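The values are calculated or read from the model by the stated rules, or taken from the named source; none is laboratory data. The structure displayed is predicted, hence computed values, not measured ones. Glycine gets a Cβ as well: all are built from the backbone with ideal geometry, and neighbour counts include every protein chain shown. Please note that ligands, DNA and RNA were not included when accessible areas were found on the heavy atoms of the full protein model with its side chains. Shrake-Rupley method; radii C 1.70, N 1.55, O 1.52, S 1.80 Å.
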Amino acid sequence: MQIIKTQGKIEGFGDRQELEEKVSKLDAVDFIGKQELASVATMISLSDKQFLEWLELQKELRRLLRGLLTTKDGLARRKTRPGKS
């Protein structure tokens, strides 16, 4: 439920509908490409304050999604890169 709530907040940033309408008119771009273009256009249209809020929500969404990953033992799996803690 928290994942859906966080995702909804992320999608609420910017004037997404107007951007999606403009992007949908790009005939040479496939569906996935249009989704990515709309996402990038929304991100760059945000004010600095909105961008920082959006970034925090992205971090929260990532944390929630990573919490869904489990090992055989049922413990949350955590990957780290060499040299990182």
In the full protein assembly as shown, how much of L19 is accessible to a 1.4 Å probe, in Å² to the nearest 10?
40
So how do V29, V23 rank on accessible area, 1.4 Å probe, biggest first, that is with the largest at the start?
V29, V23
Starting from the Cα-Cα distance between D48 and L64, subtract it from 0.36 nm times their residue separation and give me the gain in nm to one decimal.
3.3 nm
Taking segment 21-71, which trypsin sites (Lys or Arg not before Pro) meet the DSSP loop condition and have no more than 10 other C-beta atoms within 10 Å?
K25
FRET efficiency, 1/(1 + (r/R0)^6) with R0 22 Å, evaluated for Q7 and L55 via beta carbons
0.90
Is the shape of segment 1-73 rounded, prolate or oblate, going by the alpha carbon gyration tensor and its root eigenvalues a ≥ b ≥ c, with a/c under 1.5 for rounded and a/b larger than b/c for prolate?
oblate
